[in-house]
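I have placed the structure first, in the form of structure tokens, so that the comments after it can refer back to it.
The values are calculated or read from the model by the stated rules, or taken from the named source; none is laboratory data. Treat the numbers as computed from the prediction; the structure is a model and nothing was measured. A quick note on method: Cβ atoms are made from the backbone with ideal geometry, for glycine too, and the neighbour counts reach across all protein chains shown.
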Amino acid sequence: MKKVACFLLVCIFFMLRPYELQRTGMIYPTDDYGYFAHATALIYGQFPHYDRESFFVPHKPMASIGPALMAAPFVLSFSVFDRLAGSDITEQRTLENIPGSWSLFGFVLASNFYFCLGCFLLFKGLRYHVDERYAVLAVVFMALCQGLPVYALHRPVLSHVYEFFLQSLLVFLLLKRHVSGSLAKKNHGMAAGVGLLVGLLYLVRFNNILAAMVWPFVLFWNNRSDWKSRHFYATLLTVFGVAAALAFIFKITPDMLYPHEGYAQAVGRLTQVYPLTFYARRLLHILFGIDWGLIYTAPFIILSLPVPFVSRSALGRRLRVCLLTVIVNLYIIIVWRTQGGYYGYRYFVFFAMPLLVYPLATLLQRGEARWGKRFVRIMACLAIIPGLSMMAFEANPSNLALQSVDQYFGYPGAGNDTFQMEVWEMLLFTPGQLLIALSHGGVFYWLHIMAHMFGFHAELPNLVHVHYPAFSFPVFIKTCLLYACPLLLYFVFRLKGKGNA
């Protein structure tokens, strides 16, 4: 687990750009304000009303409420600093007072926390089945190299880190189940806990409703005799009862007060029928397109996907059932006609990642057993492709950022039709520019900090001054807290492990 913590720390060092904490608070002026509005309505005592919140659609936020529920303890804790400072955000949330607030930083820290915790849980689950070496590599290749850090450290006020975490926790329970034998169907506390998880999985992203319905059966069903067992049905009743209660309180009740459904327009796009040739062309583009093709942004998902379908183990069979729910998300990115307005195929990749981390670990283990260490070296080289793509994203505003364009398949929006080509063109022909682009995060920030400490800030290159013109103590504290997250979680897991020894 120490190695996972070190990889997380390195990832945060390079991916986090502290100047965004100072400029925007790491919130984008679109869906992000809807997610944050849910959180502030909860922690400032307004829910289910949104009269004092700031978002970009009428009546109530279009964004799902699940991420806000999970981030609420962090937002509440850091809102204390806004209250002590007498900030007007405690009375009314506006476009002016949100970006610099401590309440917003609570949401940012929550996303980083769940990102790190999800990685640790996947590692612990894998350790029940594979050697530490393969568990570490599987987590690094699957979770740290394929775009997820972008949503944890560049745009944290969205739903995808929370979706990843919930899936990771459910996968951890599944991996542990196949060591302990069952999840104790008679234990109603466990059933209620799973009900909480699947209820949140639905509330985090509503398109996860099929997965929320399938997970309880995957976790609690043992054999055919369960269909005649009252305890099995009592367990399912507890699970779905808790999930339904969450949905009633946090989805149905607000919908009754504000009948306007923000996602209604999306339903029209998702139910549109196209010729069969469209689906084939779209799938090929999702795999190989030079904008966000999975072979560039998430190759380990492609490599791992067949593994459960050739497995004869009971765990492989259960994973196959879970992976069938991925079809919903795959269908969404096919008919949506774009990548979703930000990095990669976000509606699909982060839902699938946790389900495929065990198949990837077994692929690494079997591949090395058959072909030797060169197999793992080849996989490590392959990880450079999505890793470089992810780190370069938005590092240069001219050609490595999103633009408002008519994307492939004729749909306008935020995209970059040649993003992967731009990254590799820069690497091959102007590597110095790419190196500078990759230094915008921790390298420039800590150079800026050292310059202020030792009095040579005026001698720093203009590239550093552009992003870090002056020292900000609140930004320094926030940055250190984000760096500390994986280390603190590591020590918590270590102390817990000693307590169980």
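Summary of values
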read-out: Selected residue (only one of 230, 224 is within 21 Å of residue 319 (Cα to Cα) and either surrounded by 17 or more Cβ atoms within 10 Å (Cβ to Cβ) or without any contact (Cβ under 8 Å) to a residue 24 or more places away in the chain (or both)); value: 224
read-out: Qualifying residue in the stretch 232-244 (condition: among the hydrophobic types (A, V, I, L, M, F, W, C), part of a helix (DSSP H, G or I) and modelled with pLDDT under 85); value: no
read-out: Subset of the stretch 365-390 [free of Cβ contacts under 8 Å to residues at least 12 places away in the same chain and among the polar types (S, T, N, Q)]; value: none
read-out: Among the residues listed as 266, 243, the single one being under 22 Å from the mean Cα position of the chain (by Cα), free of Cβ contacts under 8 Å to residues at least 24 places away in the same chain and closer than 20 Å to residue 211 by Cβ; value: 266
read-out: Residues satisfying the stated conditions in the stretch 124-136, i.e. buried (at least 24 other Cβ atoms within 10 Å of the Cβ) and farther than 24 Å from residue 199 by Cα; value: 126, 135
read-out: Check on residue 235, surrounded by 21 or more Cβ atoms within 10 Å (Cβ to Cβ) and over 25 Å from the mean Cα position of the chain (by Cα); value: yes
read-out: Residues of the stretch 60-108 satisfying the condition of being assigned to a helix (DSSP H, G or I), over 24 Å from the mean Cα position of the chain (by Cα) and within 24 Å of residue 16 (Cβ to Cβ); value: 80, 81, 82, 89
read-out: Unique match (being under 20 Å from the mean Cα position of the chain (by Cα) and in contact (Cβ under 8 Å) with a residue 60 or more places away in the chain) among 418, 362, 338; value: 338
read-out: Within the stretch 42-61, tally of residues that are touching a Leu at 6+ places or on another chain (Cβ under 8 Å), farther than 26 Å from residue 212 by Cα and crowded, with 16+ Cβ neighbours inside 10 Å; value: 2
read-out: Given (1) closer than 29 Å to residue 465 by Cα; (2) of a type in the set (S, T, N, Q); (3) crowded, with 22+ Cβ neighbours inside 10 Å, index of the condition residue 64 fails; value: (1)
read-out: Cross-chain or 6+ apart pairs with Cβ under 8 Å, the stretch 392-415 first and outside any loop (DSSP other than H, G, I, E, B), then among the small types (Gly, Ala, Ser) and surrounded by fewer than 15 Cβ atoms within 10 Å (Cβ to Cβ); value: 412/404; 413/404; 414/404
read-out: Complete set of residues in the stretch 78-107 that are more than 19 Å from residue 68 (Cβ to Cβ) and of a type in the set (S, T, N, Q); value: 87
read-out: The stretch 20-41 - residue that is within 22 Å of residue 91 (Cβ to Cβ) and of a type in the set (A, V, I, L, M) and, of those, nearest to the chain's Cα centre (by Cα); value: 27
read-out: Residues satisfying the stated conditions in the stretch 74-92, i.e. surrounded by 15 or more Cβ atoms within 10 Å (Cβ to Cβ) and more than 10 Å from residue 103 (Cα to Cα); value: 87
read-out: Residue that is without any contact (Cβ under 8 Å) to a residue 60 or more places away in the chain, hydroxyl-bearing (Ser, Thr, Tyr) and closer than 30 Å to residue 76 by Cβ, where the choices are 128, 114; value: 114
read-out: Residues satisfying the stated conditions in the stretch 215-246, i.e. among the small types (Gly, Ala, Ser), under 20 Å from residue 325 (Cα atoms) and in contact with a Gly (Cβ under 7 Å, 6 or more places away or on another chain); value: 243
read-out: The stretch 465-501: number of residues that are under 27 Å from residue 99 (Cβ atoms), more than 29 Å from the chain's Cα centre (by Cα) and not in a loop (DSSP other than H, G, I, E, B); value: 2
read-out: Residue within the stretch 447-454 that is closer than 30 Å to residue 336 by Cβ and of a type in the set (Phe, Trp, Tyr) present; value: no
read-out: Candidates 340, 367, 344, filtered to the one that is surrounded by 21 or more Cβ atoms within 10 Å (Cβ to Cβ) and more than 19 Å from residue 128 (Cβ to Cβ); value: 344
read-out: Test: residue in the stretch 374-387 that is surrounded by 24 or more Cβ atoms within 10 Å (Cβ to Cβ), in a helix (DSSP H, G or I) and touching a helix residue (DSSP H, G or I) at 6+ places or on another chain (Cβ under 8 Å); value: yes
read-out: Hits in the stretch 255-304 (condition: under 30 Å from residue 51 (Cα atoms) and part of a loop (DSSP other than H, G, I, E, B)); value: 258, 259, 260, 261, 262, 263
read-out: Close pairs (9 angstrom Cβ cut-off, 6 or more residues apart or separate chains): touching a residue at least 12 places away in the same chain (Cβ under 8 Å) in the stretch 1-20, of a type in the set (S, T, N, Q) and in a helix (DSSP H, G or I) anywhere; value: 12/112; 16/112; 16/479; 18/479
read-out: Qualifying position, being surrounded by 19 or more Cβ atoms within 10 Å (Cβ to Cβ), out of contact with any strand residue (DSSP E or B) (no Cβ under 9 Å at 6 or more places or on another chain) and over 20 Å from residue 168 (Cβ atoms), among 216, 254, 259, 308; value: 254
read-out: Pair list, Cβ < 6 Å and 6+ apart or interchain, from the stretch 24-45 residues that are closer than 15 Å to residue 101 by Cα and in contact (Cβ under 8 Å) with a residue 24 or more places away in the chain to residues that are part of a helix (DSSP H, G or I) and among the β-branched types (Val, Ile, Thr); value: 26/108; 39/75; 43/75
